[in-house]
Amino acid sequence: MKVKDYLLEKMAAGTIHMTLIDPDKQAPERAAAIAADAEALGTDAIMIGGSTDITQKNLDETAVAIKGSVSIPVIYFPSGAHALSANCDALYFMSMLNSRDVRMVIREQAMAAPIVKKLGIEPISMGYIIVEPGMKVGEVGKADLIRRDDPMSAVGYALAAEYLGMDLVYLEAGSGADMPVPSEMVGAVKGLTSIPLIVGGGIRSAEAAKAAKDAGANAVVTGTLVEVDGYLQELEAVITSVKS
Ligand code: 1GP
């Protein structure tokens with residue numbers, strides 16, 4: 001089964017949880033152990049990515065290690081065309097829609113596309129929208145951040161993603177954000193679009209995960225949560241609240 005079909009099928013049945021692992025943050029063996037823990041607790045897919053310091057080497061080594069430790073899909077969440085791995089099951093073929101930099105909107109994608117074709121990696125198209133505070137990804141992506149009090153701008157980009165034929169749309173507050181995407185914004189996007197909505201950035205508690213789900217997220221992503229020792233309890237609480 002294609003990873004896209006797996007995700008669509010799962011999301012049709014209820015909100016899913018995905019665990020983001022940054023290859024720059026730990027050794028591959030550690031990444032594999034985190035992925036195995038997350039799978040055991042019920043996460044639905046592993047995403048591999050980070051805004052900075054992703055190399056072909058740390059990406060490949062982390063992807064191979066994670067693939068060896070889980071049976072759920074492993075999806076690459078790229079920051080550009082400089083590192084692309086055939087060791088993942090799929091990659092988000094994504095455009096940062098509210099970037100001021102045409103490189104982030106389409107040029108990296110044009111460089112990556114022939115390589116993706118040659119490697120035979122499954123591309124899953126996704127519109128990526130950066131919301132305040134945006135964190136590192138907003139900075140390196142030169143995003144015109146969506147203001148937290150401006151849900152209709154997020155709706156505009158998300159609807160544009162849908163009309164451009166993208167499979168998914170992702171509202172991103174930025175990894176490590178002190179506040180997740182506001183529920184009102186998640187709800188506004190959900191109410192006016194019909195492609196699956198992924199929400200991430202700054203979700204570190206069961207309450208925040210539940211708020212994203214209740215507002216209409218089809219998928220909740222957490223990353224930073226698993227970068228601290230003793231994450232099991234909180235990760236379990238987050239996954240349980242997403243899936244209950
Ligand atoms: C970042 O949305 C993800 O792309 C995850 O964010 O690291 O804050 O969980 P956190």
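Quick note: the coordinates plus some simple rules give every number you see, no bench work behind them. As the structure is a prediction and not an experimental result, all values here were calculated from the model. Glycine also receives a Cβ, built like all others from the backbone with ideal geometry; neighbour counts cover every protein chain displayed.
Taking every DSSP helix (H) stretch of at least 4 residues in the chain, weighting each as -39,500 (n - 2.57) and dividing the sum by the residue count yields a mean residue ellipticity at 222 nm of -12500 deg cm²/dmol. Which whole-number percentage describes the relative contact order of the chain, with Cα contacts under 8 Å and a sequence gap of 6 or more? Computed over the chain, the figure is 18 percent.
Of all DSSP bridge pairs formed entirely within the chain, close to 5 percent run antiparallel. When region 1-152 is described by a simple charge dipole with +1 on each Lys and Arg Cβ and -1 on each Asp and Glu Cβ, the residue from THR43, TYR128, ILE21 located farthest towards its positive end is TYR128.
Which pairs in the list LYS67/LYS117; LYS25/LYS142; LYS142/LYS210 are over 26 Å apart, alpha-carbon to alpha-carbon?
Violating the 26 Å limit, Cα to Cα: LYS142/LYS210.
Which of the listed residues, GLY138, GLY223, VAL102, is farthest toward the dipole's positive end in region 3-243, when Lys, Arg count +1 and Asp, Glu count -1 at the beta-carbon? Going by the charge dipole, the pick is VAL102. About the centre of its Cα atoms, region 9-104 shows a dipole size close to 220 debye [charges on the beta carbon of Lys, Arg (+1) and Asp, Glu (-1) only; nearest 20 debye]. Counting Lys +1, Arg +1, Asp -1, Glu -1, what net charge surrounds GLY42 among other residues with beta carbon under 13 Å of its beta carbon? With Lys, Arg at +1 and Asp, Glu at -1, the net is -2. Under Stokes-Einstein, with the Kirkwood radius over Cα pairs as Rh, the value for region 1-149 at 25 °C and 0.890 mPa s is 155 µm²/s. Which residue, chosen from ALA161, ALA212, PRO182, occupies the Cα position most advanced towards the positive end of the dipole of region 3-243, where the dipole is computed from +1 (Lys, Arg) and -1 (Asp, Glu) charges on Cβ about the Cα centre? Of the listed residues, the answer is ALA161. Looking at region 91-208, the DSSP beta bridges with both ends there are about 5 percent antiparallel.
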